[in-house]
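Colleague: Following this message is one structure expressed as structure tokens.
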Amino acid sequence: MNNLMKRNGNSNLGISNIFDDFFSRELFNWGNNNYSSTSTTVPSVNIKENGDAYEVQVAAPGMDKNDFDISLDGNLLTISSMKQDSSETKEENFTRREFSYQSFQRSFELPKNVVDQDNINAKYENGLLMLTIPKKEDAKQKPPRRIEIS
């Protein structure tokens, strides 16, 4: 073990770097999939496509619809939020102030010439932000049709 630990002339550096590198990566991310590498929360997102639209669901409990900012820049749809809370407790011998900041940003590139950008709508209900991104008429899936043989 001494030879392994003293490789490259550094006593614990080799083993330490291997373990630090392994544990700092989000290789498998078991049970931790809502946290970024900076330990900030990133809400889970579901994206579903049907014949008429794309549906985006963002799990963000405890938020208010006014906490969100949704923007579209070209084909880049960005959903972000910043929420600040503060509380103050005053008692006889001390004052305690607590501040809480919550923020996230998720961006999605929409398919070019497929979505009807003017009719995107969003609603927030029961901790779920839901966006409906309709497809343009010519991008919607057409029902199968029978082709006659002449």
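We did not get these values from a lab; they are worked out from the coordinates using the rules stated. What you are looking at is a predicted structure, and each value in this text was computed from that prediction instead of being measured. Ideal geometry is used to build each Cβ from the backbone, glycine not excepted, and the neighbour counts take in all protein chains shown.
Colleague: Let's see if you can work this out: charge +1 on each Lys and Arg Cβ, -1 on each Asp and Glu Cβ, no other charges. What is the dipole magnitude of region 35-139 about its Cα centre, in debye to the nearest 20?
Modeller: 200
Colleague: Within region 46-90, name every residue whose backbone N is under 15 Å away from a label modeled 7 Å from Cα of Gln141 along the Cβ vector.
Modeller: Residues 48-55 qualify, since their backbone N sits under 15 Å from the label point.
Colleague: Under a 5 Å amide H to amide H cut-off, with H placed in plane at 1.01 Å, what residues pair with Asp52 once short-range neighbours are removed?
Modeller: Under 5 Å from the amide H of Asp52: no residue qualifies.
Colleague: Give the cross-link partners of Lys136 among the lysines, using a straight C-alpha distance below 16 Å as the criterion and excluding same-chain residues fewer than 8 apart.
Modeller: Lys112
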